[in-house]
1. For q = 0.15, 0.22 Å⁻¹, what log10 I(q)/I(0) does the stretch 1-82 give under the Debye formula with an equal point scatterer on each alpha carbon and no solvent?
2. At what distance in nm do the modelled label points of residue 279 and residue 310 sit from each other, each positioned 7 Å from its Cα along Cα→Cβ?
3. With springs only between Cα atoms under 10 Å, which of 174, 191, 249 fluctuates most in a Gaussian network model of the chain?
4. Going by how many other Cβ atoms sit within 10 Å of their own, how do 189, 221 line up, fewest first?
5. Arrange the following residues from fewest to most other Cβ atoms within 10 Å of their Cβ: 91, 73, 214.
6. I need the per residue convex hull volume for the chain, using only the alpha carbons, in cubic angstrom as a whole number.
7. Among 184, 123, 268, which one shows the biggest mean-square fluctuation in a GNM of the chain, springs joining Cα atoms closer than 10 Å?
8. Using a ≥ b ≥ c from the Cα gyration tensor of the stretch 8-47 (square roots of the eigenvalues), is it rounded, prolate or oblate, where a/c under 1.5 gives rounded and otherwise the larger of a/b and b/c decides, a/b for prolate?
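Any read-out appearing in this document is the output of simple, stated calculations on the displayed coordinates, not a laboratory observation. Since this is a predicted model, take the numbers as computed values, not measurements. Here Cβ is always computed from backbone atoms with ideal geometry, including for glycine, and neighbour counts include all displayed protein chains.
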């Protein structure tokens with residue numbers, strides 16, 4: 001089907017197609033085994049933010065899986081820019097896009113048979129965009145998040161490297177469902193096998209103690225692009241950062257906490273295991289970091305989120 005000027009485009013296995021036609025067969029290993037690696041980038045003022053960093057992390061994930069794709073990082077960057085050029089003008093003024101780039105392991109040979117084995121070994125590669133759903137996060141800039149620890153643990157590094165950003169998310173879905181039985185507004189933060197805090201399903205974790213930022217070691221967490229931004233901004237602001245093991249008890253003693261993630265950048269954490277962190281409000285260091293991030297991208301991030309959310313929700 002020919003692309004329409006009024007419909008967003010996607011890119012699938014070498015072709016630009018209408019987004020509504022971007023579909024995977026039920027034999028794809030991304031569906032059969034959850035065998036997929038991915039990246040998400042967002043726009044600010046309809047320009048991709050740190051796209052090159054996300055592409056390099058995608059390359060790291062592909063190296064970790066051993067999957068080879070017939071596209072270079074510059075080629076994937078050009079594809080992303082073409083999607084932005086076509087899809088961004090379809091948004092209401094001032095709204096933003098999310099970009100997903102994902103690769104699956106190919107097709108399941110059990111379903112297609114030995115005669116198609118070579119075809120099955122060819123990874124599926126897809127890039128698509130979506131309007132950023134700011135209503136999911138807008139309120140949390142002021143009320144904060146509630147983090148709780150579920151019974152399930154982080155996947156051990158011996159089983160799967162945390163450097164691989166993958167879509168095997170069932171344990172996260174179960175973890176979030178479990179904590180929401182205790183707090184309907186709750187989000188799970190997992191412990192590793194040694195009992196140290198790691199991350200949430202969508203973000204890296206930070207706390208503040210005695211004016212310094214603490215964040216978990218990379219031994220059991222994904223190296224977030226937004227986490228790296230926190231390091232950069234903290235250095236500019238003269239705020240010390242320590243990468244260390246963090247136990248739950250230390251969160252209860254912290255003066256503030258927050259998480260970082262691509263779509264929302266930074267969100268405060270105001271409650272942990274049902275108890276307020278500090279005074280139960282977004283803290284001053286969080287506010288300084290968010291303001292500095294906004295200066296980098298040329299907008300008030302929380303205000304933009306609220307404005308887009310109001311317009312999307314009518």
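1. For the stretch 1-82, the Cα-only Debye profile gives -0.68, -1.30.
2. 2.6
3. 249
4. Starting with the residue having the fewest Cβ neighbours, the order is 221, 189.
5. The most exposed by this proxy come first: 73, 91, 214.
6. So the per-residue hull volume is 143 Å³.
7. 184
8. oblate
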